[in-house]
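The structure is given below, and queries will be raised subsequently.
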Amino acid sequence: MIESDVVVTNTGPLIALATVRQLALLGQMYGSVLVPEGVFQEVTARGQHRPGAVELASAPWAVRSALLAPPDPFLAGNLGRGEAEAITLAAQRGARWILMDDRRARRIAELAYRLQVKGVAGILVAAKRRGLVSEIAPLLTGMQAAGYYVSQTVVERALQEAGENLSGRF
């Protein structure tokens, strides 16, 4: 089942999923995902050698999206361009989900904009529940090995929610 509501992503989940060759999960789960121009540029142009650069540029589910109005000065002054644009786009489009991992950006999205936020661990748990991946532990381990930060608390909670064994994994 594909969720048909509006979903907006920030850079982090794109790079994290690409490091473990799971970027296509976003299309499988959501049908299409709005990618703000700043996020698209961060991954593809400025991050030409980053995981996901080529895949995102050619992904049929990734919809490059312009903002209807610039980010609020508060966002622009306190977050990076991609995070500010992702929150702004999600608010402007009435997104069901905004995909992001950065703790500060998540809190602003949730508290100031009342957006529902899902990070890469939550994406993987949902993917497992839908039968799109068989295990999330190796994917989380792979992300961490590639240098993507996911806290141990988040990993443990995700493994528990996914019904995977916590012992001996990390």
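The values are calculated or read from the model by the stated rules, or taken from the named source; none is laboratory data. Given the structure is predicted, the values throughout are model-derived calculations rather than measurements. When we count neighbours, we look across all protein chains shown, and the Cβ atoms used for this are built from the backbone with ideal geometry, even at glycine. What goes into the accessible areas is simple: the full protein's heavy atoms, side chains included, and nothing from ligands, DNA or RNA. Shrake-Rupley method; radii C 1.70, N 1.55, O 1.52, S 1.80 Å.
Yes or no: Ala69 more than 12 Å from the chain's Cα centre (by Cα), among the aliphatic types (A, V, I, L, M) and open to solvent by 40 Å² or more (accessible area, probe 1.4 Å)?
Considered against the rule, which asks whether it is more than 12 Å from the chain's Cα centre (by Cα), among the aliphatic types (A, V, I, L, M) and open to solvent by 40 Å² or more (accessible area, probe 1.4 Å), Ala69 comes out as yes.
Criterion first (open to solvent by less than 10 Å² (accessible area, probe 1.4 Å) and assigned to a strand (DSSP E or B)) does Val63 satisfy it? Explain how you work it out, then say what you get.
Numbers: open to solvent by less than 10 Å² (accessible area, probe 1.4 Å): no; assigned to a strand (DSSP E or B): yes.
When the stated conditions are applied, Val63 does not pass them.
Would you mind stating whether Glu55 is within 28 Å of Arg129 (Cα to Cα), in a helix (DSSP H, G or I) and within 16 Å of the chain's Cα centre (by Cα)?
Considered against the rule, which asks whether it is within 28 Å of Arg129 (Cα to Cα), in a helix (DSSP H, G or I) and within 16 Å of the chain's Cα centre (by Cα), Glu55 comes out as yes.
Taking only the stretch 95-129 into account, find how many residues are under 21 Å from Val20 (Cα atoms) and loosely packed, with under 13 Cβ neighbours inside 10 Å.
1
Can you tell me which residues in the stretch 33-52 are crowded, with 18+ Cβ neighbours inside 10 Å and part of a loop (DSSP other than H, G, I, E, B)? First the steps, then the outcome.
Taking the stretch 33-52 first, the residues crowded, with 18+ Cβ neighbours inside 10 Å are 33-36, 38-40, 42-44, 51-52.
The answer is Pro51, Gly52.
Restricting attention to the stretch 125-170, report how many residues are under 15 Å from the mean Cα position of the chain (by Cα), in contact (Cβ under 8 Å) with a residue 60 or more places away in the chain and outside any loop (DSSP other than H, G, I, E, B).
4
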